[in-house]
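Here the structure comes first, spelled out in structure tokens, and everything after it is commentary.
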Amino acid sequence: MTTVDEAQKTVTASGLFAFRDALQGELIQPGDDQYEEARRMYNAMIDRRPALIARCESVDDVVAALEFARANGLDVAIRGGGHNGAGLGTVDNGLVVDLAPMKEISVDPEARTARVEAGCTWADVDGATHAFGLATPSGIISTTGVGGLTLGGGHGYLTRAYGLTIDNLLEAEVVLADGRLVKASDEENADLFWALRGGGGNFGVVTAFTFRLHPVHTVVGGPTLWPLEQAKEVMQWYRGFIKEAPETIYGWLGFHTIPPVELFPEELHMQKMCFAVWCYTGPQEEAEAALRPVRDTVPPALFGVQPMPYPALQQAFDWVYPRGLQWYWKADFVRQLPDEAIERHLQFARRLPTLHSTMHLYPINGAVHRVDRRDTAFSYRDVTWSQVIVGVDPDPANVDRAKSWAVDYWEALHPFSAGGGYVNFMMEEGQERVQATYRDNYERLSRVKAHYDPENFFHVNQNIRPAA
Ligand SMILES: Cc1cc2nc3c(=O)[nH]c(=O)nc-3n(C[C@H](O)[C@H](O)[C@H](O)COP(=O)(O)OP(=O)(O)OC[C@H]3O[C@@H](n4cnc5c(N)ncnc54)[C@H](O)[C@@H]3O)c2cc1C
């Protein structure tokens, strides 16, 4: 018996050599040249030291990694794009199943579907589908991983028109805790398919996703900015507009300090402002009329809405949030924005603690509401927004300040929320919060978990406990 890591876990050297030999991809350990880079997560606040990082290149690699972890009693973290705020794509002293090398995408333009391997980011997917004038709903930052975003639900620019990302998931290929590869769809393992659509990485390692695609090529999109003095009026208009607007209009609203870059007029630099980012997917010739209320109701200080390829909108803000910032975020689902909630929002908007800190309200109405909340694990379909409050800064010295702003802000607004929050916008906040998010779907999730993962092998996630 030889100790091969710094994790106090003992792994037989021969077992490790055999595992390394069996893997097509790299196996990275503490001490290896690539280790420090390989263990880094998107959120620099996360500082975990896995015993092993298995860069999986195939389903066989995933199966071998899970088998090795099981044989050696190692905790397993599943990593897609590594964007999870709580850092659930890595684990101290355990094994990371890093899917990043699995990047194959095949688009069937006739059937309007795409099969996407689990290591892809949304930039990869958008690039592949845009070539055919097609797209599927995802998020608003293109460097985010397909895996984590999809399994938590997934909302973004196409959500009012075409639903959550999971509403467009047709099939998942999954390696289960016992090493079996299965398909999950409406036809096969339907209970697993139900649970995967919102239940996160609790049920197995998804190695490939098949999505439904929609005709989306050039959109009319971009930001509008208003001074904070107008924010109350803007929010009072927006809360009604986004409920009634055609589903071809998506607009998420927030507060931000305007970065001092050429893209924005100099007089707006470093101003704390209210903003919305729009995406119109209807006929181009009708865009101006459709978006007129955005321009005319409370005339913005900047109206940056224009025709652009859909992937350009998807990537438009990647530069604002590069990898390596410190992130602390808190989430809630929100039904209404009464005047008192708006007042509280404004109190915290005036105190945005750092250049990157922000609050976003993402609409999840429109097509999302046409799916019953019991039809997939994602429960909060009867709300208007997914709200996230994020304290962000590059400097660890500012983390406490940014975090306490986010926590205080969340506490002030939580009484106006629907109860739970989006799992993909949560830190590790305990079982009560996870259950609040799934509401009465939790019990069914727990039964599906007991069937597919009775020992809770996959527990590095927003954990659903297997039913007794
Ligand atoms: C800048 C930024 C912008 C964002 N914008 C949006 C947005 O617009 N809309 C939105 O919906 N979300 C958004 N998110 C949240 C995002 O959905 C989550 O952070 C998500 O966890 C990221 O997925 P990932 O694969 O990159 O994460 P990872 O850290 O790699 O994985 C997170 C977790 O997902 C699970 N997982 C990942 N891949 C698999 C797989 N193949 N099989 C099984 N389990 C898996 C695991 O449990 C893992 O712990 C954003 C996040 C960031 C940081």
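The values are calculated or read from the model by the stated rules, or taken from the named source; none is laboratory data. It should be emphasised that the depicted structure is a prediction, and the values quoted were computed from it without experimental measurement. Methodologically, a virtual Cβ is constructed for each residue, glycine included, from the backbone with ideal geometry; neighbour enumeration extends over all protein chains shown.
If the requirement is being on the phi < 0 side of the Ramachandran plot and assigned to a helix (DSSP H, G or I), which of these qualifies: 170, 149? Checking each option against the conditions leaves just 149.
Okay, residues lined up against (1) farther than 28 Å from residue 272 by Cβ; (2) surrounded by fewer than 22 Cβ atoms within 10 Å (Cβ to Cβ); (3) of a type in the set (A, V, I, L, M, F, W, C):
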position	(1), (2), (3)
190	yes, yes, yes
193	yes, no, yes
201	yes, no, no
210	yes, yes, no
215	yes, yes, no
222	no, yes, no
228	no, yes, yes
233	no, yes, no
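For the range 328-348, the criterion of being crowded, with 21+ Cβ neighbours inside 10 Å, outside the structural domain of residue 199 (by TED's automatic domain parsing) and within 19 Å of residue 271 (Cβ to Cβ) is met by at least one residue.
For (1) more than 8 Å from the ligand (Cβ to nearest atom); (2) polar (S, T, N, Q); (3) farther than 26 Å from residue 59 by Cα, each residue gets a yes or a no:
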{"position": "133", "(1), (2), (3)": "yes, no, yes"}
{"position": "147", "(1), (2), (3)": "no, no, no"}
{"position": "171", "(1), (2), (3)": "yes, no, no"}
{"position": "183", "(1), (2), (3)": "yes, no, no"}
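Of all residues in the range 389-399, those satisfying the criterion of being within 27 Å of residue 333 (Cβ to Cβ) and of a type outside the set (A, V, I, L, M) are 391, 393.
Checking each residue in the range 350-375 for being buried (at least 22 other Cβ atoms within 10 Å of the Cβ) and over 23 Å from the mean Cα position of the chain (by Cα) picks out no residue at all. The set of residues from the range 115-163 being of a type in the set (D, E, K, R) and surrounded by fewer than 22 Cβ atoms within 10 Å (Cβ to Cβ) comprises 115, 124.
The one condition from (1) closer than 27 Å to residue 145 by Cβ; (2) part of a helix (DSSP H, G or I) that residue 415 does not meet is (1). Whether a residue is surrounded by fewer than 23 Cβ atoms within 10 Å (Cβ to Cβ), of a type outside the set (Asp, Glu) and at pLDDT 95 or above was assessed, and residue 112 passes this test. Filtering the range 271-298 to residues that are free of Cβ contacts under 8 Å to residues at least 40 places away in the same chain and under 28 Å from the mean Cα position of the chain (by Cα) leaves only 282. Is it the case, given these coordinates, that residue 157 is modelled with pLDDT of 95 or more, aromatic (Phe, Trp, Tyr) and more than 9 Å from the ligand (Cβ to nearest atom)? So residue 157 fails the test.
Suppose the filter is closer than 30 Å to residue 382 by Cβ and of a type in the set (S, T, N, Q); does residue 143 pass it? Before the answer, list the steps.
Working: closer than 30 Å to residue 382 by Cβ: no; of a type in the set (S, T, N, Q): yes.
Judged against the criteria, residue 143 is not a match.
For residues in the range 185-229 being under 25 Å from residue 310 (Cβ atoms) and of a type in the set (S, T, N, Q), which is nearest to the ligand (Cβ to nearest atom)? Among those that are under 25 Å from residue 310 (Cβ atoms) and of a type in the set (S, T, N, Q), it is 210.
Residue 377 fulfils the conditions (1) in a helix (DSSP H, G or I); (2) within 16 Å of the ligand (Cβ to nearest atom); (3) of a type in the set (Gly, Ala, Ser) except for a single criterion, (1).
Taking the listed residues 208, 161, the one that is in contact (Cβ under 8 Å) with a residue 12 or more places away in the chain and closer than 17 Å to residue 79 by Cα is 208, with no other qualifying. Being assigned to a loop (DSSP other than H, G, I, E, B), assigned by TED's automatic domain parsing to the domain that holds residue 337 and within 27 Å of residue 373 (Cβ to Cβ) is the requirement here; does residue 247 meet it? It is true that residue 247 is assigned to a loop (DSSP other than H, G, I, E, B), assigned by TED's automatic domain parsing to the domain that holds residue 337 and within 27 Å of residue 373 (Cβ to Cβ).
The residues on offer are 293, 299, 322, and the sole one that is closer than 18 Å to residue 276 by Cβ, in the same structural domain as residue 407 (by TED's automatic domain parsing), out of contact with any strand residue (DSSP E or B) (no Cβ under 8 Å at 6 or more places or on another chain) and in a loop (DSSP other than H, G, I, E, B) is 299. Inside the range 432-468, residues that are within 16 Å of the ligand (Cβ to nearest atom) and either in the same structural domain as residue 378 (by TED's automatic domain parsing) or not in a loop (DSSP other than H, G, I, E, B) (or both) make up a count of 8. Within the range 73-129, track down each residue that is within 13 Å of the ligand (Cβ to nearest atom), acidic (Asp, Glu) and either farther than 23 Å from residue 309 by Cβ or not assigned by TED's automatic domain parsing to the domain that holds residue 196 (or both). If the condition is that a residue be within 13 Å of the ligand (Cβ to nearest atom), acidic (Asp, Glu) and either farther than 23 Å from residue 309 by Cβ or not assigned by TED's automatic domain parsing to the domain that holds residue 196 (or both), then 75, 98, 117 are the ones that fit.
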